[in-house]
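Input: a single structure, listed below in C-alpha coordinates.
The values are calculated or read from the model by the stated rules, or taken from the named source; none is laboratory data. Worth saying up front: this structure is predicted, and the values here are computed from it rather than measured. For neighbour counting, all protein chains shown are included, and Cβ atoms are generated from backbone atoms with ideal geometry for every residue, glycine included. Ligands, DNA and RNA are excluded from the accessible area calculation, which covers all protein heavy atoms including side chains. Shrake-Rupley method; radii C 1.70, N 1.55, O 1.52, S 1.80 Å.
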Amino acid sequence: MKNLFFISILISLSLSSYGQTSLSKETEAYVSYPRGLYIFQNLTIVDGTGNASKTNQDIVVNGEIIERIGPDLAIPENANVVNLEGKSAIPGMVMLHEHLFYPKATPGNNFGVNQMSYSFPKLYLASGITTMRTAGSIMPHADLNIKNKILNGEIPGPKMDVTSPHLDREGTGLIELGPFSSTEQVVDMVNLYADLGVTSFKVYNYLTKSDLKAIVETAHSKNLKVTGHLCSITYREAADLGIDNLEHGFYASSDFIKDKQPDECEPFNQRKSLLQLPVDSEAMTNLIQHLVEKKVALTSTINVFEPYTNREVVPGGGLDALYTGAKEKVFKRWASKQGRDSLDYVLFNKAKVWEKAFHDAGGLLVAGTDPTYDGRIVAGYANMRLVELFVEMGFTIPETIKICTLNGAKYLEQDDTIGTLEKGKIADFIILNDDISKNIKAIRSTETVFKNGIGYNSEKLFKAADGLVGIR
Ligand SMILES: [Zn+2]
(Lines give C-alpha, C1' and ligand atoms only; values in the text may rest on other atoms or scores of the structure.)
Protein backbone atom coordinates (compact mmCIF):
# COMPACT_ATOMS: atom_id res chain seq x y z
CA MET A 1 0.00 0.00 0.00
CA LYS A 2 1.24 3.41 -1.07
CA ASN A 3 0.34 5.15 2.16
CA LEU A 4 2.64 3.07 4.31
CA PHE A 5 5.59 5.32 3.56
CA PHE A 6 3.69 8.43 4.65
CA ILE A 7 2.35 6.67 7.68
CA SER A 8 5.79 5.76 8.97
CA ILE A 9 6.84 9.39 8.59
CA LEU A 10 3.69 10.47 10.36
CA ILE A 11 4.41 8.22 13.34
CA SER A 12 7.39 10.40 14.18
CA LEU A 13 5.58 13.61 13.21
CA SER A 14 2.51 12.88 15.29
CA LEU A 15 4.50 12.50 18.48
CA SER A 16 6.27 15.79 18.12
CA SER A 17 3.65 18.02 16.51
CA TYR A 18 0.66 17.07 18.65
CA GLY A 19 2.38 16.53 21.96
CA GLN A 20 0.10 13.61 22.82
CA THR A 21 0.87 10.87 25.28
CA SER A 22 2.62 8.19 23.27
CA LEU A 23 0.88 4.90 22.66
CA SER A 24 2.27 1.73 24.20
CA LYS A 25 3.77 -0.91 21.90
CA GLU A 26 0.65 -3.01 22.48
CA THR A 27 -1.71 -0.24 21.37
CA GLU A 28 0.49 0.85 18.48
CA ALA A 29 0.29 -2.64 17.01
CA TYR A 30 -3.36 -1.97 16.12
CA VAL A 31 -2.87 1.47 14.57
CA SER A 32 -3.14 1.86 10.79
CA TYR A 33 -3.32 5.68 10.77
CA PRO A 34 -1.26 7.46 13.46
CA ARG A 35 -2.39 10.91 14.43
CA GLY A 36 -1.55 13.44 11.72
CA LEU A 37 -2.94 15.48 8.85
CA TYR A 38 -5.12 13.52 6.44
CA ILE A 39 -7.60 13.99 3.66
CA PHE A 40 -9.90 10.98 3.20
CA GLN A 41 -11.54 11.28 -0.19
CA ASN A 42 -14.70 10.15 -1.97
CA LEU A 43 -16.63 8.66 0.91
CA THR A 44 -20.37 8.17 1.30
CA ILE A 45 -21.29 9.60 4.68
CA VAL A 46 -24.16 9.05 7.08
CA ASP A 47 -23.25 11.79 9.52
CA GLY A 48 -25.26 10.94 12.65
CA THR A 49 -27.49 14.02 12.57
CA GLY A 50 -30.38 12.01 11.14
CA ASN A 51 -30.06 13.79 7.78
CA ALA A 52 -29.90 11.87 4.51
CA SER A 53 -26.58 10.36 3.42
CA LYS A 54 -24.18 12.30 1.20
CA THR A 55 -21.94 10.90 -1.53
CA ASN A 56 -18.54 12.03 -2.75
CA GLN A 57 -17.43 13.54 0.57
CA ASP A 58 -13.90 14.32 1.69
CA ILE A 59 -12.89 14.52 5.35
CA VAL A 60 -9.87 16.52 6.50
CA VAL A 61 -8.57 15.31 9.85
CA ASN A 62 -5.95 17.44 11.56
CA GLY A 63 -4.68 15.87 14.77
CA GLU A 64 -7.66 15.09 16.95
CA ILE A 65 -10.12 17.26 15.04
CA ILE A 66 -12.29 17.01 11.94
CA GLU A 67 -11.22 20.20 10.20
CA ARG A 68 -13.43 20.08 7.11
CA ILE A 69 -16.02 17.88 5.42
CA GLY A 70 -17.43 18.37 1.93
CA PRO A 71 -17.23 17.46 -1.75
CA ASP A 72 -13.94 17.90 -3.64
CA LEU A 73 -12.02 19.70 -0.90
CA ALA A 74 -8.66 21.25 -1.67
CA ILE A 75 -5.80 19.07 -0.45
CA PRO A 76 -4.13 20.79 2.52
CA GLU A 77 -0.38 21.20 2.25
CA ASN A 78 1.52 18.14 3.54
CA ALA A 79 -1.66 16.16 4.02
CA ASN A 80 -1.63 12.41 3.60
CA VAL A 81 -4.11 11.71 0.79
CA VAL A 82 -6.22 8.56 1.12
CA ASN A 83 -8.73 7.72 -1.60
CA LEU A 84 -11.60 5.72 -0.11
CA GLU A 85 -13.87 5.53 -3.13
CA GLY A 86 -16.58 2.90 -2.72
CA LYS A 87 -16.36 3.02 1.08
CA SER A 88 -18.58 4.78 3.59
CA ALA A 89 -18.21 6.49 6.95
CA ILE A 90 -20.33 7.06 10.05
CA PRO A 91 -19.50 8.67 13.42
CA GLY A 92 -17.93 6.51 16.12
CA MET A 93 -20.72 4.83 18.02
CA VAL A 94 -21.71 5.90 21.53
CA MET A 95 -23.37 2.96 23.26
CA LEU A 96 -24.74 3.07 26.76
CA HIS A 97 -25.48 -0.41 28.08
CA GLU A 98 -22.13 -2.09 27.82
CA HIS A 99 -20.28 -4.25 30.33
CA LEU A 100 -16.79 -5.57 30.85
CA PHE A 101 -18.10 -8.91 32.09
CA TYR A 102 -19.51 -12.05 30.50
CA PRO A 103 -21.35 -15.15 31.80
CA LYS A 104 -19.27 -18.00 33.20
CA ALA A 105 -19.17 -21.00 30.93
CA THR A 106 -19.76 -23.39 33.81
CA PRO A 107 -22.02 -26.39 33.11
CA GLY A 108 -25.64 -26.31 34.27
CA ASN A 109 -27.88 -23.37 34.91
CA ASN A 110 -25.93 -21.62 37.66
CA PHE A 111 -25.43 -18.03 36.55
CA GLY A 112 -22.34 -16.00 37.27
CA VAL A 113 -20.10 -13.58 35.43
CA ASN A 114 -16.37 -13.05 34.87
CA GLN A 115 -14.50 -9.86 34.12
CA MET A 116 -13.32 -9.54 30.47
CA SER A 117 -10.63 -6.87 30.89
CA TYR A 118 -8.57 -8.03 27.90
CA SER A 119 -10.97 -9.07 25.14
CA PHE A 120 -13.96 -6.72 25.54
CA PRO A 121 -12.26 -3.30 25.20
CA LYS A 122 -10.70 -4.53 21.92
CA LEU A 123 -13.97 -5.95 20.62
CA TYR A 124 -15.85 -2.75 21.39
CA LEU A 125 -13.31 -0.59 19.58
CA ALA A 126 -13.09 -3.08 16.68
CA SER A 127 -16.81 -2.74 16.00
CA GLY A 128 -16.71 1.05 16.03
CA ILE A 129 -17.63 1.94 19.61
CA THR A 130 -15.53 5.00 20.42
CA THR A 131 -17.40 5.97 23.60
CA MET A 132 -19.35 3.70 25.91
CA ARG A 133 -21.04 3.63 29.26
CA THR A 134 -20.69 0.45 31.30
CA ALA A 135 -24.22 0.09 32.65
CA GLY A 136 -23.20 -1.71 35.84
CA SER A 137 -19.94 -3.17 37.03
CA ILE A 138 -18.82 -6.24 38.99
CA MET A 139 -15.26 -4.93 39.44
CA PRO A 140 -15.43 -1.13 39.57
CA HIS A 141 -11.71 -0.81 40.25
CA ALA A 142 -10.89 -2.88 37.18
CA ASP A 143 -13.30 -0.87 35.02
CA LEU A 144 -11.76 2.40 36.23
CA ASN A 145 -8.22 1.11 35.64
CA ILE A 146 -9.21 0.07 32.11
CA LYS A 147 -10.75 3.47 31.45
CA ASN A 148 -7.52 5.20 32.53
CA LYS A 149 -5.22 2.81 30.66
CA ILE A 150 -7.22 3.45 27.49
CA LEU A 151 -7.02 7.22 28.05
CA ASN A 152 -3.23 6.95 28.50
CA GLY A 153 -2.86 4.92 25.31
CA GLU A 154 -1.60 1.88 27.23
CA ILE A 155 -4.32 -0.44 25.87
CA PRO A 156 -6.72 -0.08 22.92
CA GLY A 157 -10.40 0.51 23.65
CA PRO A 158 -13.20 3.07 23.65
CA LYS A 159 -13.51 6.11 25.90
CA MET A 160 -15.51 5.05 28.93
CA ASP A 161 -18.15 6.38 31.26
CA VAL A 162 -17.86 3.97 34.20
CA THR A 163 -21.02 3.05 36.10
CA SER A 164 -21.17 1.80 39.69
CA PRO A 165 -21.89 -1.82 40.56
CA HIS A 166 -25.61 -2.63 40.37
CA LEU A 167 -27.10 -1.02 43.49
CA ASP A 168 -29.68 -3.41 44.90
CA ARG A 169 -31.20 -5.00 47.95
CA GLU A 170 -31.00 -8.77 48.45
CA GLY A 171 -33.07 -10.60 45.87
CA THR A 172 -31.32 -11.57 42.65
CA GLY A 173 -28.95 -13.92 44.46
CA LEU A 174 -26.13 -12.97 42.07
CA ILE A 175 -22.92 -13.74 43.93
CA GLU A 176 -21.04 -10.96 42.11
CA LEU A 177 -23.29 -8.23 43.51
CA GLY A 178 -22.98 -6.72 46.99
CA PRO A 179 -26.50 -5.94 48.19
CA PHE A 180 -27.29 -3.17 50.67
CA SER A 181 -29.77 -3.41 53.51
CA SER A 182 -30.73 0.18 54.31
CA THR A 183 -31.19 3.50 52.53
CA GLU A 184 -28.37 5.04 54.63
CA GLN A 185 -26.04 2.27 53.49
CA VAL A 186 -26.74 2.78 49.80
CA VAL A 187 -26.17 6.54 50.13
CA ASP A 188 -22.75 5.72 51.61
CA MET A 189 -22.12 3.44 48.62
CA VAL A 190 -23.02 6.21 46.15
CA ASN A 191 -20.59 8.57 47.90
CA LEU A 192 -17.86 5.92 48.00
CA TYR A 193 -18.13 5.00 44.30
CA ALA A 194 -18.29 8.64 43.26
CA ASP A 195 -15.09 9.27 45.22
CA LEU A 196 -13.45 6.33 43.42
CA GLY A 197 -14.22 7.98 40.08
CA VAL A 198 -17.43 6.36 38.93
CA THR A 199 -19.46 8.78 36.77
CA SER A 200 -22.82 7.01 36.53
CA PHE A 201 -25.05 4.88 38.77
CA LYS A 202 -27.11 1.80 38.09
CA VAL A 203 -30.04 0.64 40.20
CA TYR A 204 -31.51 -2.82 39.93
CA ASN A 205 -34.45 -5.07 40.75
CA TYR A 206 -35.24 -5.08 44.48
CA LEU A 207 -34.72 -1.58 45.84
CA THR A 208 -37.51 0.54 47.35
CA LYS A 209 -38.80 3.92 46.26
CA SER A 210 -37.12 5.55 49.29
CA ASP A 211 -33.81 3.98 48.24
CA LEU A 212 -34.17 5.29 44.70
CA LYS A 213 -35.13 8.76 45.91
CA ALA A 214 -32.00 8.95 48.09
CA ILE A 215 -29.73 7.54 45.35
CA VAL A 216 -31.03 10.01 42.75
CA GLU A 217 -30.67 12.98 45.14
CA THR A 218 -27.12 12.00 46.13
CA ALA A 219 -26.00 11.35 42.54
CA HIS A 220 -27.64 14.52 41.19
CA SER A 221 -25.97 16.61 43.90
CA LYS A 222 -22.69 15.50 42.27
CA ASN A 223 -24.01 16.10 38.74
CA LEU A 224 -24.00 12.36 38.06
CA LYS A 225 -26.81 10.39 36.45
CA VAL A 226 -28.78 7.32 37.49
CA THR A 227 -30.05 4.57 35.25
CA GLY A 228 -32.10 1.53 36.18
CA HIS A 229 -32.97 -2.01 35.21
CA LEU A 230 -36.06 -1.97 37.38
CA CYS A 231 -38.56 -4.49 38.68
CA SER A 232 -39.79 -3.47 42.17
CA ILE A 233 -40.36 0.12 41.04
CA THR A 234 -42.50 1.02 38.02
CA TYR A 235 -41.21 3.22 35.21
CA ARG A 236 -43.76 5.89 36.12
CA GLU A 237 -42.67 5.89 39.77
CA ALA A 238 -38.99 6.04 38.81
CA ALA A 239 -39.65 8.93 36.41
CA ASP A 240 -41.43 10.80 39.20
CA LEU A 241 -38.45 10.18 41.49
CA GLY A 242 -36.11 11.78 38.95
CA ILE A 243 -34.34 8.79 37.36
CA ASP A 244 -32.44 9.79 34.21
CA ASN A 245 -32.56 6.61 32.16
CA LEU A 246 -34.41 3.28 31.97
CA GLU A 247 -32.76 0.13 30.61
CA HIS A 248 -34.05 -2.64 28.31
CA GLY A 249 -36.79 -0.71 26.52
CA PHE A 250 -40.12 -1.62 28.13
CA TYR A 251 -39.02 -5.18 28.98
CA ALA A 252 -38.40 -4.20 32.62
CA SER A 253 -41.58 -2.17 33.05
CA SER A 254 -43.76 -3.41 35.92
CA ASP A 255 -46.32 -0.66 35.30
CA PHE A 256 -48.90 -3.04 33.85
CA ILE A 257 -49.07 -5.67 36.60
CA LYS A 258 -52.62 -5.87 37.96
CA ASP A 259 -52.74 -4.92 41.67
CA LYS A 260 -48.98 -4.55 41.83
CA GLN A 261 -47.62 -4.59 45.40
CA PRO A 262 -45.55 -1.44 46.05
CA ASP A 263 -41.77 -2.04 46.10
CA GLU A 264 -42.19 -5.74 45.22
CA CYS A 265 -40.42 -7.40 42.31
CA GLU A 266 -42.61 -10.04 40.67
CA PRO A 267 -40.74 -11.23 37.56
CA PHE A 268 -43.33 -13.82 36.51
CA ASN A 269 -46.32 -11.44 36.74
CA GLN A 270 -44.27 -8.74 35.10
CA ARG A 271 -43.60 -10.78 31.96
CA LYS A 272 -47.20 -12.00 31.92
CA SER A 273 -48.50 -8.42 32.10
CA LEU A 274 -46.46 -7.39 29.06
CA LEU A 275 -47.51 -10.46 27.09
CA GLN A 276 -51.15 -9.58 27.79
CA LEU A 277 -50.84 -5.86 27.12
CA PRO A 278 -52.22 -5.03 23.66
CA VAL A 279 -49.55 -3.57 21.42
CA ASP A 280 -51.61 -0.41 20.85
CA SER A 281 -52.62 -0.07 24.52
CA GLU A 282 -53.60 3.42 25.66
CA ALA A 283 -51.91 2.76 29.01
CA MET A 284 -48.59 2.32 27.18
CA THR A 285 -49.16 5.49 25.16
CA ASN A 286 -49.78 7.36 28.44
CA LEU A 287 -46.66 5.93 30.05
CA ILE A 288 -44.58 6.90 27.01
CA GLN A 289 -46.02 10.42 27.18
CA HIS A 290 -45.13 10.64 30.87
CA LEU A 291 -41.53 9.49 30.32
CA VAL A 292 -41.08 11.99 27.49
CA GLU A 293 -42.45 14.81 29.66
CA LYS A 294 -40.11 13.84 32.50
CA LYS A 295 -37.19 13.72 30.02
CA VAL A 296 -36.25 10.15 30.92
CA ALA A 297 -34.03 8.47 28.31
CA LEU A 298 -34.82 4.90 27.29
CA THR A 299 -32.08 2.41 26.38
CA SER A 300 -32.92 -0.16 23.76
CA THR A 301 -31.07 -3.44 24.29
CA ILE A 302 -33.40 -5.20 21.87
CA ASN A 303 -30.56 -7.49 20.73
CA VAL A 304 -30.66 -9.29 24.09
CA PHE A 305 -34.26 -10.29 23.42
CA GLU A 306 -33.78 -11.43 19.84
CA PRO A 307 -35.43 -14.85 19.54
CA TYR A 308 -33.40 -17.93 18.57
CA THR A 309 -35.52 -19.62 15.94
CA ASN A 310 -34.10 -19.00 12.48
CA ARG A 311 -31.63 -16.45 13.80
CA GLU A 312 -27.86 -16.41 14.23
CA VAL A 313 -26.25 -18.44 17.02
CA VAL A 314 -24.15 -15.43 17.99
CA PRO A 315 -25.97 -12.33 16.73
CA GLY A 316 -23.56 -10.17 14.75
CA GLY A 317 -21.15 -13.05 14.17
CA GLY A 318 -18.37 -13.62 16.67
CA LEU A 319 -18.57 -17.37 17.20
CA ASP A 320 -14.79 -17.50 16.79
CA ALA A 321 -14.37 -15.02 19.62
CA LEU A 322 -15.78 -17.52 22.09
CA TYR A 323 -13.59 -19.86 24.06
CA THR A 324 -14.56 -23.55 23.55
CA GLY A 325 -16.58 -23.98 26.73
CA ALA A 326 -18.59 -20.84 26.10
CA LYS A 327 -19.21 -21.86 22.49
CA GLU A 328 -20.60 -25.25 23.55
CA LYS A 329 -22.94 -23.67 26.05
CA VAL A 330 -24.23 -21.11 23.57
CA PHE A 331 -24.80 -23.74 20.86
CA LYS A 332 -26.68 -25.99 23.25
CA ARG A 333 -29.02 -23.26 24.36
CA TRP A 334 -29.61 -22.05 20.79
CA ALA A 335 -30.47 -25.58 19.61
CA SER A 336 -32.84 -26.19 22.52
CA LYS A 337 -34.77 -23.02 21.74
CA GLN A 338 -35.38 -23.65 18.03
CA GLY A 339 -39.14 -23.66 17.44
CA ARG A 340 -39.84 -23.13 21.13
CA ASP A 341 -39.68 -19.39 21.48
CA SER A 342 -42.99 -18.24 20.02
CA LEU A 343 -43.78 -16.22 23.17
CA ASP A 344 -40.37 -14.56 22.93
CA TYR A 345 -41.32 -13.56 19.39
CA VAL A 346 -44.64 -12.08 20.58
CA LEU A 347 -42.90 -9.89 23.15
CA PHE A 348 -40.00 -9.02 20.83
CA ASN A 349 -42.40 -7.75 18.16
CA LYS A 350 -44.32 -5.63 20.67
CA ALA A 351 -41.15 -4.30 22.28
CA LYS A 352 -39.95 -3.07 18.88
CA VAL A 353 -43.20 -1.14 18.34
CA TRP A 354 -43.09 0.40 21.84
CA GLU A 355 -39.47 1.50 21.59
CA LYS A 356 -40.11 3.14 18.25
CA ALA A 357 -43.26 4.79 19.64
CA PHE A 358 -41.17 6.25 22.47
CA HIS A 359 -38.72 7.69 19.92
CA ASP A 360 -41.50 8.99 17.66
CA ALA A 361 -43.18 10.70 20.64
CA GLY A 362 -40.02 12.76 21.12
CA GLY A 363 -38.22 10.58 23.69
CA LEU A 364 -34.43 10.18 23.75
CA LEU A 365 -33.91 6.58 22.62
CA VAL A 366 -30.34 5.39 23.17
CA ALA A 367 -28.64 2.07 22.42
CA GLY A 368 -26.67 -0.60 24.25
CA THR A 369 -26.08 -4.34 24.04
CA ASP A 370 -25.83 -5.80 27.58
CA PRO A 371 -23.30 -8.59 26.93
CA THR A 372 -24.45 -10.87 29.74
CA TYR A 373 -27.42 -13.18 29.81
CA ASP A 374 -26.84 -16.54 28.12
CA GLY A 375 -23.48 -15.93 26.49
CA ARG A 376 -24.49 -15.25 22.91
CA ILE A 377 -24.31 -11.48 23.39
CA VAL A 378 -20.66 -10.78 22.61
CA ALA A 379 -19.16 -7.30 22.96
CA GLY A 380 -18.64 -5.60 19.59
CA TYR A 381 -20.42 -8.22 17.49
CA ALA A 382 -23.63 -7.56 19.44
CA ASN A 383 -23.27 -3.82 18.81
CA MET A 384 -23.23 -4.41 15.06
CA ARG A 385 -26.29 -6.65 15.34
CA LEU A 386 -28.11 -4.03 17.42
CA VAL A 387 -27.57 -1.48 14.66
CA GLU A 388 -29.20 -3.87 12.18
CA LEU A 389 -32.13 -4.48 14.52
CA PHE A 390 -33.03 -0.78 14.60
CA VAL A 391 -33.72 -1.03 10.88
CA GLU A 392 -35.78 -4.16 11.55
CA MET A 393 -37.65 -2.00 14.10
CA GLY A 394 -38.67 0.40 11.33
CA PHE A 395 -36.08 3.17 11.59
CA THR A 396 -34.42 4.59 8.48
CA ILE A 397 -30.66 4.14 8.19
CA PRO A 398 -29.89 7.80 9.10
CA GLU A 399 -32.21 7.55 12.14
CA THR A 400 -30.55 4.29 13.17
CA ILE A 401 -27.08 5.79 13.02
CA LYS A 402 -28.26 8.82 15.00
CA ILE A 403 -29.66 6.62 17.79
CA CYS A 404 -26.30 4.80 18.02
CA THR A 405 -24.16 7.95 17.90
CA LEU A 406 -25.63 11.40 18.59
CA ASN A 407 -28.33 10.21 21.00
CA GLY A 408 -25.75 8.50 23.24
CA ALA A 409 -23.56 11.61 23.10
CA LYS A 410 -26.56 13.77 24.06
CA TYR A 411 -27.29 11.62 27.08
CA LEU A 412 -23.65 11.87 28.18
CA GLU A 413 -23.79 15.65 27.50
CA GLN A 414 -20.86 15.34 25.10
CA ASP A 415 -22.73 16.16 21.90
CA ASP A 416 -20.79 19.40 21.44
CA THR A 417 -17.62 17.35 20.79
CA ILE A 418 -18.68 13.86 19.66
CA GLY A 419 -21.67 11.99 18.17
CA THR A 420 -21.70 13.34 14.61
CA LEU A 421 -19.36 13.52 11.66
CA GLU A 422 -19.17 17.31 11.45
CA LYS A 423 -16.58 20.02 11.11
CA GLY A 424 -14.98 20.97 14.44
CA LYS A 425 -15.82 17.75 16.24
CA ILE A 426 -13.34 15.21 17.59
CA ALA A 427 -12.26 12.77 14.87
CA ASP A 428 -14.20 9.73 16.11
CA PHE A 429 -15.52 7.91 13.06
CA ILE A 430 -15.69 4.56 11.34
CA ILE A 431 -14.67 3.68 7.80
CA LEU A 432 -16.72 0.84 6.37
CA ASN A 433 -15.70 -1.18 3.33
CA ASP A 434 -19.30 -1.32 2.07
CA ASP A 435 -21.89 1.40 1.52
CA ILE A 436 -24.00 1.70 4.67
CA SER A 437 -26.35 4.22 3.08
CA LYS A 438 -27.68 1.38 0.90
CA ASN A 439 -27.59 -1.58 3.29
CA ILE A 440 -27.35 -1.57 7.08
CA LYS A 441 -25.44 -4.88 6.95
CA ALA A 442 -22.43 -2.78 5.91
CA ILE A 443 -22.04 -2.12 9.64
CA ARG A 444 -20.22 -5.48 9.68
CA SER A 445 -17.63 -4.32 7.15
CA THR A 446 -15.56 -2.14 9.49
CA GLU A 447 -12.15 -1.29 8.06
CA THR A 448 -10.81 1.42 10.38
CA VAL A 449 -12.07 2.96 13.59
CA PHE A 450 -10.84 6.48 14.28
CA LYS A 451 -10.76 7.58 17.90
CA ASN A 452 -9.36 11.03 18.71
CA GLY A 453 -7.78 11.17 15.26
CA ILE A 454 -5.98 7.82 15.47
CA GLY A 455 -7.16 5.07 13.09
CA TYR A 456 -7.29 1.52 14.49
CA ASN A 457 -7.35 -1.61 12.36
CA SER A 458 -10.66 -3.28 13.06
CA GLU A 459 -9.74 -6.75 11.82
CA LYS A 460 -6.59 -6.90 13.96
CA LEU A 461 -8.56 -5.92 17.06
CA PHE A 462 -11.24 -8.53 16.39
CA LYS A 463 -8.60 -11.24 15.76
CA ALA A 464 -6.79 -10.41 19.00
CA ALA A 465 -9.85 -11.49 20.97
CA ASP A 466 -10.47 -14.77 19.13
CA GLY A 467 -11.05 -17.67 21.47
CA LEU A 468 -10.73 -15.47 24.55
CA VAL A 469 -14.31 -14.42 25.32
CA GLY A 470 -15.21 -16.40 28.44
CA ILE A 471 -11.62 -16.44 29.69
CA ARG A 472 -10.21 -12.94 29.89
ZN1 LIG B 1 -26.74 -4.99 31.92
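Within the stretch 345-391, which residues are aromatic (Phe, Trp, Tyr) and either in contact with a Leu (Cβ under 7 Å, 6 or more places away or on another chain) or assigned to a helix (DSSP H, G or I) (or both)?
Within the stretch 345-391, Tyr345, Phe348, Trp354, Phe358, Tyr381, Phe390 qualify.
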Could you tell me which of the residues Ile175, Ile146, Ile243, Ile233 is surrounded by fewer than 20 Cβ atoms within 10 Å (Cβ to Cβ), of a type in the set (Val, Ile, Thr) and on the phi < 0 side of the Ramachandran plot?
Ile175
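Looking at Ala252, is it open to solvent by less than 10 Å² (accessible area, probe 1.4 Å), free of Cβ contacts under 8 Å to residues at least 40 places away in the same chain and assigned to a loop (DSSP other than H, G, I, E, B)?
yes
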Looking at Thr324 and the list (1) among the hydroxyl-bearing types (Ser, Thr, Tyr); (2) open to solvent by less than 50 Å² (accessible area, probe 1.4 Å); (3) away from the ligand (no atom under 16 Å from the Cβ), which single condition is not satisfied?
(2)
So which pairs qualify, if the first residue must be in the stretch 224-237 and within 15 Å of Leu167 (Cα to Cα), the second must be open to solvent by 20 Å² or more (accessible area, probe 1.4 Å) and within 12 Å of the ligand (Cβ to nearest atom), the Cβ gap must be under 8 Å, and the two must be at least 6 apart or on different chains?
Gly228/Tyr204; His229/Tyr204; His229/Asn205; Leu230/Tyr204; Leu230/Asn205; Cys231/Tyr204; Cys231/Asn205; Ser232/Asn205
Considering residues that are crowded, with 20+ Cβ neighbours inside 10 Å, more than 23 Å from Gly50 (Cα to Cα) and either more than 16 Å from the ligand (Cβ to nearest atom) or of a type in the set (D, E, K, R) (or both), the number found within the stretch 85-104 is 1
Quick test of your reading of the structure: Asn349 fulfils all but one of (1) within 16 Å of the ligand (Cβ to nearest atom); (2) open to solvent by 20 Å² or more (accessible area, probe 1.4 Å); (3) not charged (D, E, K, R). Name the failing condition by number.
(1)
Subset of the stretch 404-440 (residues that are under 14 Å from Asn51 (Cβ atoms) and outside any loop (DSSP other than H, G, I, E, B))
Leu406
Within the stretch 335-348, is even one residue under 24 Å from Met132 (Cβ atoms) and among the acidic types (Asp, Glu)?
no
Only residues in the stretch 275-290 that are assigned by TED's automatic domain parsing to the domain that holds Ile257 and among the hydrophobic types (A, V, I, L, M, F, W, C) count as the first member; pair them with residues that are at pLDDT 95 or above and not in a helix (DSSP H, G or I), Cβ under 6 angstrom, at least 6 apart or cross-chain, and list the lot.
Leu277/Phe256; Leu287/Asp255; Ile288/Ala361
In the stretch 105-117, anything surrounded by fewer than 17 Cβ atoms within 10 Å (Cβ to Cβ) and either within 14 Å of the ligand (Cβ to nearest atom) or modelled with pLDDT of 95 or more (or both) is listed as Phe111
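Within the stretch 390-409, is there a residue that is within 29 Å of Gly470 (Cβ to Cβ), open to solvent by less than 10 Å² (accessible area, probe 1.4 Å), modelled with pLDDT of 95 or more and charged (D, E, K, R)?
Looking through the stretch 390-409, none of the residues is within 29 Å of Gly470 (Cβ to Cβ), open to solvent by less than 10 Å² (accessible area, probe 1.4 Å), modelled with pLDDT of 95 or more and charged (D, E, K, R).
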If you go through the stretch 269-295, how many residues are outside any helix (DSSP H, G or I) and either over 25 Å from the mean Cα position of the chain (by Cα) or crowded, with 22+ Cβ neighbours inside 10 Å (or both)?
5
Give me the pairs, please: first residue somewhere in the stretch 128-144 and in a helix (DSSP H, G or I), second residue anywhere and away from the ligand (no atom under 16 Å from the Cβ), beta-carbon distance under 9 Å, and either six or more positions apart or on two chains.
Pro140/Tyr193; Pro140/Leu196; Pro140/Gly197; His141/Leu196; Ala142/Ser117; Asp143/Ser117; Leu144/Leu196; Leu144/Gly197
Check whether at least one residue in the stretch 127-145 is away from the ligand (no atom under 16 Å from the Cβ), modelled with pLDDT under 95 and among the hydrophobic types (A, V, I, L, M, F, W, C), and report yes or no.
no
For residues that are surrounded by fewer than 24 Cβ atoms within 10 Å (Cβ to Cβ) and either within 16 Å of the ligand (Cβ to nearest atom) or outside any loop (DSSP other than H, G, I, E, B) (or both), tally how many sit in the stretch 201-213.
5
Top-ranked residue of the stretch 352-378 - restricted to ones that are more than 16 Å from the ligand (Cβ to nearest atom) and open to solvent by 30 Å² or more (accessible area, probe 1.4 Å), ranked as farthest from Asn245 (Cα to Cα):
Val353
Of all residues in the stretch 231-249 being hydrophobic (A, V, I, L, M, F, W, C) and within 16 Å of the ligand (Cβ to nearest atom), the one that is farthest from Gly197 (Cα to Cα):
Cys231
Taking the condition of being surrounded by 24 or more Cβ atoms within 10 Å (Cβ to Cβ) and either away from the ligand (no atom under 16 Å from the Cβ) or assigned to a strand (DSSP E or B) (or both), how many residues in the stretch 214-230 meet it?
5
